[in-house]
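Encoded as structure tokens, the structure appears first; notes follow it.
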Amino acid sequence: MPTITLPDGSTRTFDGAVTGAEIATGIAKSLGRQALAVEVDGRLRDLDWPIEEDAAVRIVKPDDPVALPLLRHDCAHVMAQAVQELFPGTQVTIGPPIDNGFYYDFAREAPFHPEDLERIEKRMAEIVAADVPFRREEVSRAEAHRRFAELGESYKHEILQAIPEDQPVTLYHQDGWFDLCRGPHGPSTGRIGAFKLTKIAGAYWRGDARNAQLQRIYGTAFATRKELEAHLHQLEEAERRDHRRLGREMDLFHVQEEAAGSVFWHPDGWIVWRQIENYIRRRLDASGYREVKTPQLIDRVLWEKSGHWDMFGEHMFTIEAENKTLAVKPMNCPGHVQIFNQHLHSYRDLPLRMAEFGSCHRNEPSGALHGIMRVRAFTQDDAHIFCEPDQITSESVAFCDLLKSVYADFGFTDVHVKFSDRPPVRAGEDAVWDQAEAALERATLAAGLETTRNPGEGAFYGPKLEFVLRDAIGRDWQCGTLQVDFVLPERLDAHYVGADGAKHRPVMLHRAILGSMERFIGILIEHHAGRLPLWLAPVQIVVATITNEADDYAEKVARTLSDAGLRVRTDTRSDKIGYKVREHSLTKVPLIMAVGGREAAERTVSVRALGSREQNVLALDEACKMCQRNSLPPDLRS
């Protein structure tokens, strides 16, 4: 007689085993029609899963956050069925839901073509319209091997061998088709919402380049057509804003195979970098940080002491020199502790805020590299605050205020915060983690931050806040972090003399605002679609001639603007002014000043802003003052 506890605290007792579908229908027939799955003691199950013991139960509907991955998993199975029906002899391997949709990897000698996606989608729509039930079946390993051998599914044997002996082997069926799957799934194919297949890509079996190459078909699915169309529009916008394409058009940077994961910054791109770095440096100086620089190569002995060698070693680049193993630093924190340890500090010296634009390297898989967003060589706007325990809250609040102000200056006002607590693999005792998490919780409350929990995603040495920016087209980017660390000061023997004259361990706050400079610039480019604010634009103004008789005046205008501190170029080519405007608009120059014979005679300029058809004729001095005023970084404006 299981007793079922519902989310509102009410209970229902049943004479025998009961399913989620029966519970939902018993509550309300409308809920029974909407239900997709059931959560039993926090675990997602099929609606027809028999609940035989007392349990806390929640019915999952299409608008539930956990429903979307479920629908996408359903859709992946429908896609695999359609592919095998349309392309006999194709083997299916794995097909999980992912952040923005789903995929399946297929083994097939002939390549898929983009036009095949339309045929597959059409067959998928027929399967969805048939509203075929999903059915779970538990079988023995021997039976599963036999069935897949009959189908010629060789990859399934390897997957079966990887399933632990204490776990059941389950198949999911729909319309005579089945696959090896843990589940759960929705009640039927008809409950799948709107879907779209998006692209074909290559993939290696098990993600290993030494294995066979497969073909991957990506798709996405949403509960409603409206949500799908909004997502597809976002994808189109993301393509239009892609920082790699804009980086080429604006001549900012490039990457190439000979230096995979590293960025070649072109002159204009380096101007953007310097503007950001100088801005952050001014903000840090004003906030009491002291800038340092630490070595790139550090003996593994220090990384072993800090714990990074055991916890992070696989991501570190190393070299051998004079019978020593040196690591290219993946992060700056152990180096900052070494600087702290060079002096005997008093409690009066704390908090000590130590900042570095630290050049770091991490051994990221080549398949994960993405433009300047995911690289192996990057620079962090990193800093560490050494403080007493009772200073954690005030320092955290000050940092959060600084961070929000910086983000606003770059055009990001929609920021949410994740609280990441202790990971499964970590350094330090549970009591230390209890102390660190409690301290960060108090600081979060004092800063007035609303957070969502991100279980198990803290750093190996401490819990952290993750600051997530939402860009102009609704995508989320995790950039800033704040971590409370009691572990590293202990491991690296950092201490200060307290008011009682005894030695104490400082608390170490790890913090970054932008995170990776490279990645942040990529985010910034995509957020603004290349139309960077005037203070960041590498070329702020182009002075373009309407006729060549104004060439001398154009050079004079450019000198006047340049003397006022503006970044200016001239375009005195004999092309028509309309062509020049289009060309410089492509490279996202914020302002174009057109000059001809009349402007030269009247000492004026015709100003056009990027994306505008309107022109304003201004006196040169007035235009210069206006541009000079608007080109100042936000922190330097009165």
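Against the test of being within 30 Å of ASP635 (Cα to Cα), not assigned by TED's automatic domain parsing to the domain that holds ALA619 and not in a helix (DSSP H, G or I), the options GLY530, GLY565 yield a single qualifying residue, GLY530. Taking the stated definitions as given, is ARG453 in contact (Cβ under 8 Å) with a residue 24 or more places away in the chain, in a strand (DSSP E or B), over 30 Å from PRO634 (Cα atoms) and within 22 Å of the chain's Cα centre (by Cα)? Here the answer is yes, as ARG453 does meet what is asked. Do we find that GLU118 is surrounded by fewer than 17 Cβ atoms within 10 Å (Cβ to Cβ), over 25 Å from TRP49 (Cα atoms) and either out of contact with any Asp or Glu (no Cβ under 7 Å at 6 or more places or on another chain) or acidic (Asp, Glu) (or both) in this structure? When the stated conditions are applied, GLU118 passes them.
Tally time: how many residues in region 364-420 are under 21 Å from LEU284 (Cα atoms) and hydrophobic (A, V, I, L, M, F, W, C)?
17
Hey, can you tell me all the residues within region 627-638 that are part of a helix (DSSP H, G or I) and either more than 12 Å from ILE541 (Cα to Cα) or of a type outside the set (A, V, I, L, M, F, W, C) (or both)? Across region 627-638, the qualifying residues are GLN628, ARG629, ASN630, PRO634, ASP635, LEU636. Each residue in region 290-349 was checked for being of a type in the set (Gly, Ala, Ser) and surrounded by fewer than 18 Cβ atoms within 10 Å (Cβ to Cβ), and 3 pass. Checking ARG147, ARG123 one by one, the residue that is modelled with pLDDT under 95 and within 27 Å of ALA37 (Cβ to Cβ) is ARG147 and no other. Per the listing THR198, THR189, the residue uniquely of a type outside the set (Gly, Ala, Ser) and in contact with a Gly (Cβ under 7 Å, 6 or more places away or on another chain) is THR198.
For region 187-231, filtered to residues that are among the aromatic types (Phe, Trp, Tyr) and in contact (Cβ under 8 Å) with a residue 12 or more places away in the chain, the residue that is nearest to LEU71 (Cα to Cα) is PHE222.
Of the residues screened, LEU36 is one that is hydrophobic (A, V, I, L, M, F, W, C), crowded, with 19+ Cβ neighbours inside 10 Å and not assigned by TED's automatic domain parsing to the domain that holds PHE178.
Each row is one residue, and each column tells you yes or no for (1) in the same structural domain as VAL132 (by TED's automatic domain parsing); (2) over 20 Å from SER154 (Cβ atoms); (3) not basic (Lys, Arg).
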position	(1), (2), (3)
SER188	yes, yes, yes
ARG191	yes, yes, no
ALA201	yes, yes, yes
TYR204	yes, no, yes
GLY207	yes, no, yes
LEU214	yes, no, yes
ALA221	yes, yes, yes
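Taking residues in region 400-417 that are in a helix (DSSP H, G or I), and partners anywhere that are of a type in the set (A, V, I, L, M, F, W, C), the pairs with Cβ atoms closer than 7 Å and at least 6 places apart or on different chains are CYS400/ALA447; CYS400/LEU449; LEU403/PHE467; LEU403/ILE513; LYS404/VAL415; VAL406/ILE513; TYR407/VAL415; TYR407/LEU469. Just need a number here: residues in region 239-269 that are in contact (Cβ under 8 Å) with a residue 12 or more places away in the chain, assigned to a helix (DSSP H, G or I) and surrounded by 14 or more Cβ atoms within 10 Å (Cβ to Cβ). Going through region 239-269 one residue at a time, the tally reaches 7.
The values are calculated or read from the model by the stated rules, or taken from the named source; none is laboratory data. What you see is a predicted model, and the numbers here were worked out from it, not measured in a lab. Reconstructed Cβ throughout: ideal geometry from the backbone, glycine too, with neighbour counts over all protein chains shown.
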